[in-house]
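Below you'll find the structure, written out as structure tokens, and then a few comments.
A short reminder: the numbers here are calculations on the coordinates, not readings from a lab. Please read all numbers here as calculations on a predicted model, not as lab measurements. For neighbour counting, all protein chains shown are included, and Cβ atoms are generated from backbone atoms with ideal geometry for every residue, glycine included.
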Amino acid sequence: MGATFAATESIVANQREKQDALNGVAGGCAAGFLAGIRGACCHAAFRRLSQVIRTVARSLPIAVASCAVIGAAVGTFDYAGQSLRGDKETLSYEEKRKRFFKQNPSSPPLSSPQ
């Protein structure tokens with residue numbers, strides 16, 4: 001499935017000469033369709049031919065649904081900038097470190113009892 005996704009995404013990107021979310025949608029759809037078809041065909045491998053044909057015919061809706069779901073998920077991921085974090089600002093290492101660690105509050109120094 002990974003090879004199907006990568007090949008489809010690359011072929012679509014080369015044909016369209018664009019690098020955008022639609023390439024991921026096409027790759028995800030191809031991989032999802034293959035997953036939907038393989039799921040039924042592998043289980044039907046040892047049955048009689050008539051049962052295999054009925055099982056494959058029933059798996060077509062599953063394959064189409066898998067195409068839509070995985071294509072939409074990958075397309076959304078690509079459209080969001082291929083990041084699950086959501087923020088697009090680029091921070092240096094030092095800025096990330098300062099944000100991660102807590103800062104000491106600026107409080108007046110403690111006076112010693114006299």
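Treat each spin label as a single point 7 Å out from the Cα along the C-beta direction, and report the Ser10 to Ala68 distance in nm.
Using points 7 Å along Cα→Cβ, the separation is 3.1 nm.
Using the 2.2 N^0.38 Å rule of thumb for compact globular proteins, work out how the stretch 1-41 stacks up: its C-alpha Rg over that value, please.
Relative to the rule-of-thumb radius for its length, the stretch 1-41 sits at 1.19.
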